[in-house]
Amino acid sequence: MQVAFTFRNVDPSEILKDYAREKLERINKYFPDPIKAHIVFAQQRGYLFGVDVLITLHNGLVVKGDEATEDMHSSIDLVMAKIERQLRRFKDRIRDHKPQQGPHRQFLHRVVSMEPDTSVEPPITPIIPEAPSQQSGPRVIREQKFVAVPMTVEEAIMRMNLQHDPFLVFHNVLTHDINVVYRRNDDTYGLIETSQQEK
C-alpha cells in the first residue's frame, strides 16, 4: 500500500507514521488489492489533534474520514474505526463496483456571503448614497468547478457515505439529468432531481 503523510503544525513523527500504517493494514482484510492512502496529522485550536484519512481503493472509489481528539493516537483509532465500519457496510457493493459509462458533466459550486465587504475602506468624507450599495448584497467569495460523475442513485448514496459528505452531486445514468442526494436528520436520504416533471 502506498501511504503519504502530511504534518501540519505538528512535528513529523515516525512513531505516528508506523502506528497509522499498522491501522491501515486492517483494510487489507477487505480489499487485498494495492491501494493508496494520504494521512494528514494536524493540531487544531491548540489542544485538539486531528487526523484526516483519504484512501483510494483499487477500483477508484475514494473513502474519507476525519477525527479530532486530545490525543493523536486516539484520533487515529477513531478515524480508522469509522472508515472500517463503512467498508464493512458496503463491502460487497465495493467489490462489484464498476464505473458507469456516460458523460462527465461539469457544474460550478459557489460560496456566497451576505456579510458586507469589509475589505473596501469607507471614504473619509461621508457620502450620502443615492441608491442602496451593491456591497451589502450577496457576494461570491469562492467558486470551484466540479464534475458530476455518471452513477445510479444507490451508488451515489454509497459514495456519499464512504466520503462522509453531507451531499453528492452526480449524473444519473438512468435519467441523464444532474441529481443531488443528501443525508437527512432522520437517517434517511433525500434526492433532488433537476429534470422537468410533466404536470
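Do you know which residues across segment 37-74 are within 16 Å of Lys17 (Cβ to Cβ) and β-branched (Val, Ile, Thr)? Across segment 37-74, the qualifying residues are Ile39, Val40, Val51, Val53, Ile55. Checked against (1) within 18 Å of Phe90 (Cα to Cα); (2) at pLDDT 85 or above, Gly60 passes all but a single condition, namely (2).
Can we say Asn161 is closer than 28 Å to Glu84 by Cβ, at pLDDT 85 or above and either of a type in the set (D, E, K, R) or part of a loop (DSSP other than H, G, I, E, B) (or both)?
No: the conditions fail for Asn161.
What residue, among those in segment 31-52 that are among the aromatic types (Phe, Trp, Tyr) and out of contact with any Asp or Glu (no Cβ under 8 Å at 6 or more places or on another chain), is surrounded by the fewest Cβ atoms within 10 Å (Cβ to Cβ)? In this case the residue turns out to be Phe31. Pro138 meets the conditions (1) at pLDDT 80 or above; (2) out of contact with any strand residue (DSSP E or B) (no Cβ under 7 Å at 6 or more places or on another chain) in every case but one. The failed one is (2). Scanning segment 44-61 for residues that are within 24 Å of Asn161 (Cβ to Cβ) and part of a loop (DSSP other than H, G, I, E, B) yields Leu57, His58, Asn59, Gly60, Leu61.
Mind checking whether some residue in segment 62-75 is in a strand (DSSP E or B), in contact (Cβ under 8 Å) with a residue 12 or more places away in the chain, among the β-branched types (Val, Ile, Thr) and surrounded by fewer than 16 Cβ atoms within 10 Å (Cβ to Cβ)?
Checked against the condition, which is being in a strand (DSSP E or B), in contact (Cβ under 8 Å) with a residue 12 or more places away in the chain, among the β-branched types (Val, Ile, Thr) and surrounded by fewer than 16 Cβ atoms within 10 Å (Cβ to Cβ), segment 62-75 yields at least one hit.
Specify the residue that is farthest from Glu84 (Cα to Cα); the eligible residues are those in segment 8-34 that are of a type in the set (D, E, K, R) and touching a helix residue (DSSP H, G or I) at 6+ places or on another chain (Cβ under 8 Å).
My answer is Lys23.
The values are calculated or read from the model by the stated rules, or taken from the named source; none is laboratory data. Here the structure is a predicted model, which is why all the values come from computation and not from measurement. Positions of Cβ are generated from backbone atoms using ideal geometry, with glycine treated the same way; all protein chains shown enter the neighbour counts.
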